[in-house]
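Report on the following structure.
The values are calculated or read from the model by the stated rules, or taken from the named source; none is laboratory data. Quick caveat, the model's predicted, so the values are computed rather than measured. Please note: Cβ atoms are built from the backbone with ideal geometry, for glycine as well, and neighbour counts cover all protein chains shown. When the accessible area is computed, the model is the full protein with side chains, heavy atoms only, and any ligands, DNA or RNA have been set aside. Shrake-Rupley method; radii C 1.70, N 1.55, O 1.52, S 1.80 Å.
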Amino acid sequence: MTADNPSLRPWRDIERRQSRQIMVGDVAVGGDAPITVQTMTNTLTSDAKATIDQIRRCEDAGVDIIRVSCPDVESTAALKQIVRASRVPIVADIHFHYKRGIEAAEAGAACLRINPGNIGSADRVKEVIDAAKSNGCAIRIGVNAGSLEKDLLEKYGEPCPEALVESALDHIKILQDHDFHEFKVAVKASDVFLAVAAYSQLADAVDCPLHLGITEAGGLIGGTVKSSIGMGNLLWAGIGDTIRVSLSAEPEEEVRVGYEMLKSLGLRTRGVRVVSCPSCARQGFDVIRTVQTLEERLQHIRTPLSLSVLGCVVNGPGEARETDIGITGGGKGKHMVYLSGVTDHHVEDGDMVDHIVKLVEAKAAEIEGASLETAD
C-alpha cells in the first residue's frame, strides 16, 4: 500500500510466534516466511483432469499450497500427473492406509497429511517416514477433535484442549524418535473456543510451524465468520504459520477468504484491499452492486493496493485520503475520484466501474514498475 502504510503505525504490529522453518516443496512455512494460504480440492483425485482444473482456479485466486485426498490406489496413481501440472506444492491427505502414504511420497507430494500413530505397527510407521525422508517430503500432523484416539477420550471424557495437545505431542514424539523434523501440526476443532485454547497451549509447548484451521466451520457466510473469529484471535496473538479456511464452498472461495483475513491484520498484502460503506439513502450510486462488480473484476490484481468505494461525501473524503484510489458518490450521477488521497477528477455514473478498473490496473502496473526499478 502507498497511501496507507501500516509500518508507520506501531500499534498495528503483530509479533509473530517464533517457530522453526520447514519447506513444503519450494514454499517456506514458519520462521519469518509469510503466512501461507491453503485449500483442499473436492474433486475425485483419481480424475486428474478435473482436479488439475480446480487447482488452476485456486492458483488464480493466489493459493500457496493445495491438499488433495488420497483414499485409494487410483488417487495416488493420478497424483504424479497432478503434481507435475500444479504450480504450487501438493499435500497428500492420508488417513489410515500406510501404503497410500508411501505411494504419495514417491509420486512427488510435497507433504503428507498423516497422523503417524494411526497407521498401524511401528514397522509401517517407519516405512512411511522413510519414504518421506527419501523423497524430500514434509509431514503435517493433523489432530482433529472429531477423531481423537479412544484412549484420550477415555482419559479426558470428551474432546478438550489438553486432549488435543496430548495427541499432537504423541504424534510428534513418533516423528522425532525417527529423527524426522520436517513437520507442522494442526489441532483443529469445529468449536472456536476449543480450537483457540488448544492452539494456544500447543504454541507454548512446541517450536514447529502451526497449521491453523477451524474445521467443519460451515457455509460461505457462517464459516467465514466462525473461521475469522477463531483464526483471527490466534493470528492476532502471533500464532499460526499457514492457514486453511474450511468452508462448504468452492476451494477458491476458501483462498479468497484466507487472504482477506490476513490482509485485514496486515499479515499479507496481496491484491486490492477494498474499503466500502454498507450504503444508505444518501448513496449517490448503487454501492452494493458496484463493490460486488469491482471485486469480481479486480481478482486478477496481485499487487497490494487500496481502493475506497463510498456512496456519499459524509465519510468518503476521509476514507479516500487513506487509500490509493477512491470514489465518492455525488449528485446528478457525477462522482468524485481520488488518487493517492487527493481529489483529482469526476466521473459519470455509467462510466464509473470501467474507469475505476482502469485506474486500479494502471496503479498496479506503476507499483510493479517501481518495484522492478528498485530491484535493479
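Compared with the direct C-alpha span, the chain from D72 to K99 gains 8.8 nm at full extension, assuming 0.36 nm per residue. Would you mind checking the tilt of helix 122-134 against the longest principal axis of the Cα atoms of the chain, expressed as 0 to 90 degrees and rounded to 10? That helix lies at roughly 50 degrees to the long axis. Computed per residue of the chain from DSSP H runs no shorter than four, each worth -39500 (n - 2.57), the mean residue ellipticity at 222 nm is -13500 deg cm²/dmol. Relative to the longest principal axis of the Cα atoms of the chain, the long axis of helix 161-177 lies at roughly 60 degrees.
The charge dipole of the stretch 280-333, taken about its Cα centre with unit charges on the Cβ atoms of Lys, Arg (+1), Asp and Glu (-1) only, comes to about 140 debye. Our summary gives the stretch 147-297 a relative contact order of 15 percent, counting only alpha carbon pairs under 8 angstrom and 6 or more residues apart. Relative to the longest principal axis of the chain, what angle (0 to 90°, nearest 10) does the C-alpha long axis of helix 220-236 take? Between helix and principal axis, roughly 80 degrees. Stretched out straight at 0.36 nm per residue, the stretch from C280 to F193 would grow longer than its current Cα-Cα span by 27.8 nm. In the stretch 270-357, Cα pairs under 8 Å separated by at least six residues give a relative contact order of 25 percent.
When R84, R321, R20 are compared by accessible area of protein heavy atoms, the largest-first order is R84, R321, R20, using a 1.4 Å probe.
The candidates C58, C280, arranged from most to least accessible area with a 1.4 Å probe in the full protein assembly, appear as C280, C58. Modelled this way, with points 7 Å down the Cα-to-C-beta line, the labels at K49 and R17 are 4.4 nm from one another.
Dividing the mean sequence gap of close Cα pairs (under 8 Å, 6+ apart) by how many residues the chain holds gives a relative contact order of 14 percent. A simple spin-label model places the labels of E366 and H345 1.2 nm from each other, with each point 7 Å out along Cα-to-Cβ. Over 28 Å apart at the Cα level, from the set K155/K188; K334/K358; K80/K150; K80/K173; K133/K173; K133/K188, are K80/K150; K80/K173.
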